[in-house]
Amino acid sequence: MEQVDDVLSERQSAYRSNFSTETALLCLYDDLLRAADNGGATALLFLDLSAAFDTVDHGLLLDRLKDSGVEGLALEWLDSYLSSRTQSVVIGDHSSDPEALLCGVPQGSVLGPLLFLIYVAALPAETMVDGIVEQQRGPRSLSAGQPEVRHHHL
């Protein structure tokens, strides 16, 4: 599990030993209290990841696996595992022609959750989640101009 923990954000609670929804909520609560103690304001962004396993882009996932150090035969095996999958619709006695799946990880598999977590591990950096936006003090305000944005990985 250590290798999985090395890939995931330190703020990731799912699928990690000794982490849970409770630890995620305690971390969020602590962040909110610290911001309030420092006179800051907070804004939360919640993402609905319903059907998330179906939206994993194979090319992007393979790039992230490469960036995580997966290479050679292991990367080729994972590429093969994800590719050449098709789906079709069956209604009664009729079925559509099979269509290639270019996204999604196999659900109900052992690798599915791990591949999904590797896929979303870059999400905080890409969306500035866990970042702090600070308004520049002075004549400029949020309504009058651009705020100064600083990203702090908490």
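Numbers at a glance
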item: Conditions (1) more than 17 Å from the chain's Cα centre (by Cα); (2) in a loop (DSSP other than H, G, I, E, B); (3) not hydroxyl-bearing (Ser, Thr, Tyr): number failed by Asp30; result: (2)
item: Candidate set: the stretch 56-69, residues that are aliphatic (A, V, I, L, M) and open to solvent by less than 40 Å² (accessible area, probe 1.4 Å); chosen: the one farthest from Leu117 (Cα to Cα); result: Leu62
item: Enumeration of residues in the stretch 65-80 that are at pLDDT 90 or above and in a helix (DSSP H, G or I); result: Leu65, Lys66, Gly72, Leu73, Ala74, Leu75, Glu76, Trp77, Leu78, Asp79, Ser80
item: Yes/no for Gln146 being loosely packed, with under 12 Cβ neighbours inside 10 Å, at pLDDT 85 or above, polar (S, T, N, Q) and more than 29 Å from Glu10 (Cβ to Cβ); result: no
item: Selection count where residues are in contact with a strand residue (DSSP E or B) (Cβ under 9 Å, 6 or more places away or on another chain) and either charged (D, E, K, R) or at pLDDT below 85 (or both), scope the stretch 98-118; result: 1
item: Matching residues, the stretch 83-106, being surrounded by fewer than 11 Cβ atoms within 10 Å (Cβ to Cβ), among the polar types (S, T, N, Q) and part of a loop (DSSP other than H, G, I, E, B); result: Ser84, Ser88, Ser96
item: Selection count where residues are at pLDDT below 90 and part of a helix (DSSP H, G or I), scope the stretch 38-63; result: 4
item: Residues satisfying the stated conditions in the stretch 37-54, i.e. open to solvent by 70 Å² or more (accessible area, probe 1.4 Å) and out of contact with any helix residue (DSSP H, G or I) (no Cβ under 9 Å at 6 or more places or on another chain); result: Asp37, Asn38, Ala43, Phe46, Asp48, Ser50, Asp54
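The values are calculated or read from the model by the stated rules, or taken from the named source; none is laboratory data. Just so you know, these numbers come straight off a predicted model, no measurement behind them. All Cβ positions, glycine included, derive from the backbone under ideal geometry; neighbour counts span all protein chains shown. Ligands, DNA and RNA are stripped out before the accessible areas are found, and what is left, the full protein with its side chains, is counted by its heavy atoms. Shrake-Rupley method; radii C 1.70, N 1.55, O 1.52, S 1.80 Å.
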